[in-house]
Amino acid sequence: GVMNGEYYQESNGPTDSYAAISQVDRLQSEPESIRKWREEQTERLEALDANSRKQEAEWKEKAIKELEEWYARQDEQLQKTKANN
């Protein structure tokens, strides 16, 4: 709305600074077991992501090799067909 000629944004929820303070309070008050679990989960997810990227790279390399082999076989077959004709 407008108040004294200036525009103000109305907000029904907490502001960003409130949310940040709330998050810090939550992290400080959470039990040690939950904090430890959260850290372990983060490490586990990072390891899974790294493994996924590695597998994807291996699959791409394999696909490239197979495609090159296929093109070579196709070219060989084409040369044989030309020679027979």
Exercise for the section: Could you check, for the stretch 33-49, whether at least one of its residues is surrounded by fewer than 10 Cβ atoms within 10 Å (Cβ to Cβ) and modelled with pLDDT under 90? Expected result: yes
Handout entry: Members of the stretch 21-32 found to be among the aliphatic types (A, V, I, L, M) and at pLDDT 70 or above, listed by number
Key = Ile21
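The values are calculated or read from the model by the stated rules, or taken from the named source; none is laboratory data. The model shown is predicted, which means the values in this text are computed figures rather than measured ones. Cβ sites come from the backbone with ideal geometry, for glycine too, and all protein chains shown count toward neighbours.
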